[in-house]
Amino acid sequence: MADLLVKLYALPPSGPIIEKLKAGGVEIKRAIGPEKRVVSEWAQNTFSKAWASECEVALSAQPATCFLAVKNSIIIGFACYDATAKGFFGPIGVDETARASGVGKALLVRTLEAMREAGYGYAAIGWAGPAEFFKKTVGATVIEGSEPGVYKDMVKA
Ligand SMILES: CC(C)(COP(=O)(O)OP(=O)(O)OC[C@H]1O[C@@H](n2cnc3c(N)ncnc32)[C@H](O)[C@@H]1OP(=O)(O)O)[C@@H](O)C(=O)NCCC(=O)NCCS
């Protein structure tokens, strides 16, 4: 899977997207250190060991480079940056039961906004599975010849 590139100076504003979710009881918030284990265990149980590892990297930074979607104090989604490489967005995941209601888009836009605030001009989306989601929501474009990119030579479990 190829990597994608996002222009951080051309993002849609996160405010209205986040407000809409709030009305349905979903909050988008930056994770903090004490949540590290809960987040990584959730990511492992819901997705994979690799994503749990990336959550641990993101939650070891200060401030954490991980955002959560939370409903009734329960995680329903997450997104990280600077977890695989500097300037990389991802991973992102939303619980299956909470998909198709705007949670992924809110996490994506808020996290990319945080990357812009951190000083980046562009974000790379590594190993972008659902490329159409990223193209549609934030105008991401394919980085030609980027596969397997930074993931080459990864050790196997
Ligand atoms: C990809 C993912 C994060 C999307 O989360 P979501 O909460 O369902 O997405 P949203 O409801 O915010 O969708 C926003 C828009 O993108 C579209 N979209 C969502 N997933 C899509 C997909 N796989 N392909 C194409 N379009 C998609 C939606 O239709 C929606 O369009 P609209 O604004 O016109 O209604 C979620 O499906 C997921 O966790 N997938 C498994 C993990 C994964 O593959 N992560 C990415 C790897 S880096």
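Laboratory data are not the source of any read-out in this text; all were calculated from the coordinates shown. These numbers come from a predicted model, not from an experiment. Heads up, the Cβs are rebuilt from the backbone with ideal geometry, glycines too, and the neighbour counts pull from every protein chain shown.
Between I28, I92, which is of a type outside the set (D, E), closer than 29 Å to V155 by Cα and under 14 Å from the mean Cα position of the chain (by Cα)?
Result: I92 is the single residue among I28, I92 that is of a type outside the set (D, E), closer than 29 Å to V155 by Cα and under 14 Å from the mean Cα position of the chain (by Cα).
Starting from residues that are surrounded by 20 or more Cβ atoms within 10 Å (Cβ to Cβ) and in contact (Cβ under 8 Å) with a residue 60 or more places away in the chain, keep the ones in region 81-104 and report whichever is farthest from I28 (Cα to Cα).
Checking each candidate, the answer is T84.
Report the residue count in region 48-80 for those that are crowded, with 17+ Cβ neighbours inside 10 Å and in contact with a strand residue (DSSP E or B) (Cβ under 7 Å, 6 or more places away or on another chain).
Going through region 48-80 one residue at a time, the tally reaches 18.
Does region 128-141 hold any residues that are aromatic (F, W, Y) and either over 17 Å from V103 (Cα atoms) or more than 6 Å from the ligand (Cβ to nearest atom) (or both), and which are they?
F134
Based on this model, can you work out whether E144 counts as within 20 Å of R30 (Cβ to Cβ), away from the ligand (no atom under 12 Å from the Cβ) and surrounded by fewer than 14 Cβ atoms within 10 Å (Cβ to Cβ)?
no
Just to be sure before I move on: is I32 touching a helix residue (DSSP H, G or I) at 6+ places or on another chain (Cβ under 9 Å) and either closer than 18 Å to K136 by Cβ or of a type outside the set (D, E) (or both) in the structure I sent?
No; evaluated as a whole, the condition is false for this residue.
Scan region 128-150 residue by residue and report those that are hydrophobic (A, V, I, L, M, F, W, C) and part of a helix (DSSP H, G or I).
A131, F133, F134, V138, V150
Within region 51-67, work out how many residues are in contact (Cβ under 8 Å) with a residue 24 or more places away in the chain and out of contact with any helix residue (DSSP H, G or I) (no Cβ under 7 Å at 6 or more places or on another chain).
6
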